[in-house]
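Trainee: Here it is, the structure in full.
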Amino acid sequence: MLKRFILLTCLLCGYCFAQAQVKKKIKKGRRNKSQSQFIADKNYLQAEWEVGHETINDELSTTVYPNLTLRYGISKQLEVNAEMNFITATDRSAQPKNTTGTEPVMIGANWLLLSETKKRPAVIFSAQIAIPFLAGKNFTAKYWAPLLQVNLEKPFGQKFIVGAGSGVFWDGFLPDPSFIYNVSGTYNAGKKIALAAEFSGFINGSPPQHNADLSITYTVNKQVQLGATAGTGISPAAHKNYFGINGVWGCSLKKRNG
């Protein structure tokens, strides 16, 4: 049933990108989840931020303020990145109920294996690893925590792109990985506004967590984008809901002649 649902969503949804070039699309969403990764242009620096609140259940919630990500394009095929989360975890059943600090810093890279053509999707390999000792004392992990993922993105004209990704993710506290997936679709409602839908989840030895998110982005100019994301869990074990606002700023560090 879930496979049919994902396939139907993939067929019905488009993932919009005004230039119909996958690698340049800005994408933000929930932290620590499967999501599409795009390659920054060569010598291009991109800074992203997101402030969000996730309700896990009636007693547990997490506020991120902010999630910060830096990306830099080494070449047209390779990007390196670093990510940090400053969070407050709230447990209403415990005293003290709030725990604040930084999660392990993550470093990674995205590699464009195949560029998109009229007949085939772009294929992007993404890898990140969370470093246990680069964290606040309240969130120091036991293990190094890698994330490995392959993403497929296919533009259709100037209006639509469909995307899907899957991989494995370690949380740093348990030795066993989770399988992660996402299927996304976005429609370009104008030159500056895009509407997106995404289904994503974690599957491991515990009951699976499946989520649905909706987002809107507003492109201020070529360097600046603002957005908001809201989501809900669609399986019993999933987190109840999520809301976040985000922004992106980028600039080229390429030296200009003259």
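Trainee: Pick from Ser215, Ser184: which is at pLDDT 90 or above, small (Gly, Ala, Ser) and surrounded by 19 or more Cβ atoms within 10 Å (Cβ to Cβ)?
Mentor: Ser215
Trainee: Can you pull out the residues in region 180-210 that are more than 17 Å from His239 (Cα to Cα) and in a strand (DSSP E or B)?
Mentor: Residues satisfying the conditions are Val183, Ser184, Gly185, Thr186, Tyr187, Asn188, Ile193, Ala194, Leu195, Ala196, Ala197.
Trainee: On to the next question. If the requirement is being over 26 Å from Thr102 (Cα atoms), among the β-branched types (Val, Ile, Thr), in a strand (DSSP E or B) and modelled with pLDDT of 90 or more, which of these qualifies: Val150, Val168?
Mentor: Exactly one residue qualifies, and that residue is Val150.
Trainee: Quickly run through region 227-240 and pick out the residues that are in a strand (DSSP E or B) and either in contact with a Pro (Cβ under 6 Å, 6 or more places away or on another chain) or crowded, with 16+ Cβ neighbours inside 10 Å (or both).
Mentor: Gly227, Ala228, Thr229, Gly231, Gly233
Trainee: What do you reckon, is Gly172 at negative phi and either in contact with a strand residue (DSSP E or B) (Cβ under 9 Å, 6 or more places away or on another chain) or not hydroxyl-bearing (Ser, Thr, Tyr) (or both)?
Mentor: no
Trainee: Name the single residue that is nearest to Ala194 (Cα to Cα) among those in region 223-258 being in contact (Cβ under 8 Å) with a residue 12 or more places away in the chain and of a type in the set (D, E, K, R).
Mentor: Lys240
Trainee: Could you check region 153-164 and list, in sequence order, the residues that are assigned to a strand (DSSP E or B) and either at pLDDT below 90 or charged (D, E, K, R) (or both)?
Mentor: Glu153, Lys154, Pro155, Phe156, Phe160, Ile161, Val162, Gly163, listed by residue number.
The values are calculated or read from the model by the stated rules, or taken from the named source; none is laboratory data. All values reported here derive from a predicted model rather than from experimental measurement. A quick note on method: Cβ atoms are made from the backbone with ideal geometry, for glycine too, and the neighbour counts reach across all protein chains shown.
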